[in-house]
Amino acid sequence: MEMRILGRLTAADALPLYSWVAIGGAVVTILGFLAIIGTITWLGKWRYVWTEWLTSLDHKRIGILYVMLALVMLLRGFVDAIMMRAQQAFALNSGGYLPPEHFDQIFSSHGTIMVFFMAMPFLTGLINIIVPQQIGARDVAFPFMNSVSLWLTAAGAGLVLISLVVGRFSTAGWTGYPPYSGAGYNPGVGVDYWIWAIQVSGIGSTLSGINFIVTILKRRAPGMKLMRMPLFCWTTLASSILMVFAFPALTVTTALLALDRIFDMHFFTNTDGGNLMNYINLFWIWGHPEVYILILPAFGIYSGVVSTFAAKRLFGYKSLVYATMAIALLSFTVWLHHFFTMGASAGVNAFFGVATMVIAVPTGVKVFDWLMTLFRGRITFHPSMLWTLGFIVTFTIGGMTGVLLALPPADYLMHNSTFLVAHFHNMLIPGALFGYLAGYMYWFPKAFGFTLDERWGKRAFWCWISGFYLAFMPLYMLGFMGMARRMERYDVAAWQPPLVIAALGAAVILAGIACLVIQLIASIRTRERRRDLTGDPWDGRTLEWLTASPPAPYNFAVLPQVRDIDALHEMKRRGAVYERPERYEDILLPRNTGAGVLIGGFAFVFGFSAVWHIWWAAAAALLALLAAAAARSFCDRTEFRLSASEIQQIEERRLRQLAGEEAL
Amino acid sequence: MNNAPTAGRYSLKRYLGGYVLALLLTAIPFGLAATAALPRHSVLIAVGAAALAQVLVHLRCFLHLGLRTTAPERLLAIAFAAVLILIMIGGSLWIMFNLHYRMWV
């Protein structure tokens, strides 16, 4: 066999010359990349970006970078979505504007991006910024590992993005089922891009999960018992436990698929005794908990928002905690409902059907708790509150269709139809994304020191929710009318009108995204009059509102003493908030390091080389990655000391600010 | 390591005992698989049982896990992990053997 220095990478195969739309996508990706590089260079800010952001181990900075990554990937994933909607609106008895091979890449990258590179970084970012502050900690337990997680996630996202320019992405859907994703049917690089993007970012997610668990168990402030933690911390804990236990299943499954593809093994190929159903089984052992990994943190955000903007203590705190943990355990017992139709016996299907319906119970408990918190509350209709109200109504509808799908006989009729597509979008858009956006608007002043424009936030909400109903209610209908998911063209005239409505819905959501962009730009431009000098713009009840906005690197100069679930609210009532301590002490903080960026960079090179079978480069990158990790572990100067006098200066400035506010 | 109260838990005897047990529990499955002394079905069960025993030996002799000596929250974490592993592996075996039965028997 001929050995080539660049593996199977050749210009003829790699460049996206198969359609004008693909060339356009590549050009936009390259221009976007150049625009970012150019802007930073033009402003002469490379040193600032490198020393203050990319190498930072401050959990708040890392969190902000995660959210930025998520927002960029949200745009990319949404472009995929609107392209699919446009294709299906036109594709009655015609090829539309996308060739099948390209359409298949688009739905595959849409799912992969939205789950792995939009939702996961978004929730990880919000957790990073907020959870340490909510439990009264100065950082996460492992600040360096946090940076490694970030850069592994970014490396995975980079692999998906570069697949638009060099080579092609998978056509096997975001789930990558064999045999179609095997080398026999899919010899190109698409599935490999999918595998390595997921491998690299999946390891990052596992590390994040470990980090958050240890942070929550070990870094709580004095008096912060587990049953006094804000609900967002509880849902983060549950979600992190799920990450730690579920993500290895995904890593192993995709690794086995990679072995099948590269070394001609046959874990999932039916010839030679492999079993493709075992792939589907293993994939969903991760896949179902993943749904709750995405949704639980959003539940925590809603809980905080409801209680703050109803100005009431959360109703049924204990029941919410127990419901969260029950959901976490039950989420491991339902995975077969993703493949009821594989042909298991009625007994197996019935067990998993019932288990699925049981999950609706703790979820229902939560909905009632939120409603009871709102009941007789003094409600402020902040955009975050609107996202929450929209979520409660819409999510309940999605829950009902979920219980319907949990009936195996009904699932036999609706599986793989657009009814299913409508169902899971109905869970994940209100259940996860609305929550993250609520958190984004709620905590933005905490991260940046000024509030977001509420008018544009409300407009964004109304566009998103009406666009959501317009886009997905027709899909429920189409499912009943027999339309399968992922169709590049069709010949049933009755399907076209609902598909056109769905495409209009996508256009309304586009308007919602435009509102989000305008909101951000408008708020930055008017930031001077939206400054949050108190650090507590919403009369918050939990500890993250005790710190300055943006918080000092150490969050709390003196660790707070917690006496209640709503710790800050209790302090305010007692009049014991913003007190000047007798004296300040030195604080050790993590020193910046470029090792995380380096490890992420090597992981990217490794992934890219593995995709194109450039084995020498893959081996070199892997070695370099291990060497960087080893070298970092010998570094003794990982922390620096912030002296008491510096802290006193920072704190005095803040106290003066607070006093100035009070004078107004 | 040489502190008096913990000397028993970290004694050389326990490490060596664990090592011998681990070797035995590795040799038995290899022997059974290589010689085919038992029917295939029994070999699979024996390999599984030896693996399980091996896990317990590691936890006890190398990680010094004890029902009384280990902190309750750690035992809880291990128990939780055990439950999840049971669900994942037990569930997978149940699902895949059920499918196997319906497809080939």
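The values are calculated or read from the model by the stated rules, or taken from the named source; none is laboratory data. Computed from a predicted model, the values in this text were never measured in an experiment. FYI the Cβ positions are ideal-geometry reconstructions off the backbone, even for glycines, and counts take in every protein chain you see. The protein model used for the area step is the full one, side chains on, heavy atoms only, and it has no ligands, DNA or RNA in it. Shrake-Rupley method; radii C 1.70, N 1.55, O 1.52, S 1.80 Å.
Descriptive notes on the structure:
- Among the helices (runs of 4 or more DSSP H) confined to the stretch A:2-113, the ones with at least 1 residues that are surrounded by fewer than 12 Cβ atoms within 10 Å (Cβ to Cβ) are located at A:11-14, A:20-43.
- Only one of A:589, A:622 that is more than 15 Å from residue A:151 (Cβ to Cβ), touching a helix residue (DSSP H, G or I) at 6+ places or on another chain (Cβ under 8 Å) and open to solvent by less than 80 Å² (accessible area, probe 1.4 Å): A:622
- Candidates in the stretch A:466-496 are the residues that are in a helix (DSSP H, G or I) and either under 18 Å from residue A:75 (Cβ atoms) or touching a Pro at 6+ places or on another chain (Cβ under 8 Å) (or both); of these, the one that is most open to solvent (accessible area, probe 1.4 Å) is A:477.
- Subset tally (residues that are in a helix (DSSP H, G or I), away from chain B (no Cβ under 14 Å) and either within 25 Å of residue A:611 (Cα to Cα) or among the basic types (Lys, Arg) (or both)) for the stretch A:229-266: 9
- Any hit, the stretch A:417-428, residues being under 30 Å from residue A:335 (Cα atoms), over 22 Å from the mean Cα position of the chain (by Cα) and not in a strand (DSSP E or B): yes
- Search result, residues across the stretch A:330-365 that are assigned to a helix (DSSP H, G or I), facing chain B (nearest Cβ under 9 Å) and loosely packed, with under 15 Cβ neighbours inside 10 Å: A:347
- The residue list B:76, B:84 contains one member that is within 14 Å of chain A (Cβ to nearest Cβ) and either open to solvent by less than 40 Å² (accessible area, probe 1.4 Å) or among the charged types (D, E, K, R) (or both), which is B:84.
- Members of the stretch A:243-276 found to be touching a residue at least 40 places away in the same chain (Cβ under 8 Å), in contact with a Phe, Trp or Tyr (Cβ under 9 Å, 6 or more places away or on another chain), more than 30 Å from residue A:230 (Cα to Cα) and open to solvent by 30 Å² or more (accessible area, probe 1.4 Å), listed by number: A:251, A:276
- Residue count for the stretch A:382-392 under the criterion of being in contact (Cβ under 8 Å) with a residue 24 or more places away in the chain and either open to solvent by 10 Å² or more (accessible area, probe 1.4 Å) or touching a strand residue (DSSP E or B) at 6+ places or on another chain (Cβ under 9 Å) (or both): the result is 2.
- For the stretch B:87-99, the set of residues classified as facing chain A (nearest Cβ under 8 Å) and open to solvent by 60 Å² or more (accessible area, probe 1.4 Å) consists of B:94 only.
- Boolean, residue B:49 is surrounded by 11 or more Cβ atoms within 10 Å (Cβ to Cβ), more than 14 Å from chain A (Cβ to nearest Cβ) and closer than 30 Å to residue A:349 by Cα: yes
- Qualifying residue in the stretch A:584-596 (condition: assigned to a helix (DSSP H, G or I), in contact (Cβ under 8 Å) with a residue 60 or more places away in the chain and closer than 22 Å to residue A:153 by Cβ): yes
- Those residues of the stretch A:534-568 which are closer than 26 Å to residue A:312 by Cβ and open to solvent by 60 Å² or more (accessible area, probe 1.4 Å), in sequence order: A:539, A:561, A:563
- Selection status of residue A:46, under 19 Å from residue A:171 (Cα atoms) and free of Cβ contacts under 8 Å to residues at least 24 places away in the same chain: no
For (1) open to solvent by 10 Å² or more (accessible area, probe 1.4 Å); (2) more than 14 Å from chain B (Cβ to nearest Cβ); (3) assigned to a helix (DSSP H, G or I); (4) farther than 30 Å from residue A:138 by Cα, each residue gets a yes or a no:
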{"site": "A:165", "(1), (2), (3), (4)": "yes, yes, no, yes"}
{"site": "A:184", "(1), (2), (3), (4)": "yes, yes, no, yes"}
{"site": "A:188", "(1), (2), (3), (4)": "yes, yes, no, yes"}
{"site": "A:196", "(1), (2), (3), (4)": "yes, yes, yes, yes"}
{"site": "A:204", "(1), (2), (3), (4)": "no, yes, yes, no"}
{"site": "A:214", "(1), (2), (3), (4)": "yes, no, yes, no"}
{"site": "A:221", "(1), (2), (3), (4)": "no, yes, no, no"}
